[in-house]
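The structure appears right after this line, and notes come after that.
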Amino acid sequence: MKKPFLLLLSVLLAFLSKTVSAQERVDTPIEHDVGIRDPKPKVINSVLLTGRVIGVNLENVQGVSVTNIRTSEKVNTDSRGVYHVNAAKGDTLAFYIAKYSKDIIIVKSVKDNLDLILFKRKVDDLPANHSQSDYNKAKKEDNELYRILEKDAKLEEKWKY
């Protein structure tokens, strides 16, 4: 009677020891060395970027929310439509205020002011089932309006502040 009991006990202990060993392997985090690491991580040099936001009538637009998508920093334009936000080359800035279309701009240079004209774009008002030709026409009209407004803003020296 002792032999079958001892045999059963030894099988049970062997099974339990393998289960514990397997559990240890599952719970142990796996670390991989995937190659040479850059000893110096990229340092992103943000600077205080300034810009102005004007509207379709070339008026200063106060209260525009300007968000740096990378850093999540949010600022608002002042009464002159001017904003100051920390940004680096390549950052994406999002501009939003209720009565205008949202706008997103990628910072190409931190040395220049980043000025913007906001207006309600026709492409934003297209119905959900619009055709490609309707979209192309609206986009062309939006681009033409922006080009005209930008030219007028330069003539009226709206970008000097």
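Worth a mention:
- Output for the range 66-117, where each listed residue is in a strand (DSSP E or B), touching a residue at least 24 places away in the same chain (Cβ under 8 Å) and more than 19 Å from S46 (Cβ to Cβ): Y96, L116, I117
- Scanning the range 118-161 for residues that are in a helix (DSSP H, G or I) and in contact (Cβ under 8 Å) with a residue 24 or more places away in the chain yields L145, Y146, L149, E150, D152, A153.
- Considering residues of the range 93-104 that are among the hydrophobic types (A, V, I, L, M, F, W, C) and surrounded by 15 or more Cβ atoms within 10 Å (Cβ to Cβ) only, the residue nearest to S72 (Cα to Cα): L93
- Filtering the range 111-158 to residues that are under 23 Å from Q62 (Cβ atoms) and charged (D, E, K, R) leaves D112, D115, K120, R121, D124, E150, D152, K154, E156, E157, K158.
- Residue count, the range 46-92 (criterion: crowded, with 17+ Cβ neighbours inside 10 Å, among the small types (G, A, S) and more than 17 Å from the chain's Cα centre (by Cα)): 3
Bear in mind that the values in this text are calculations on the coordinates, not laboratory data. Bear in mind that the values here come from a model prediction, so they are computed numbers and not experimental data. For neighbour counting, all protein chains shown are included, and Cβ atoms are generated from backbone atoms with ideal geometry for every residue, glycine included.
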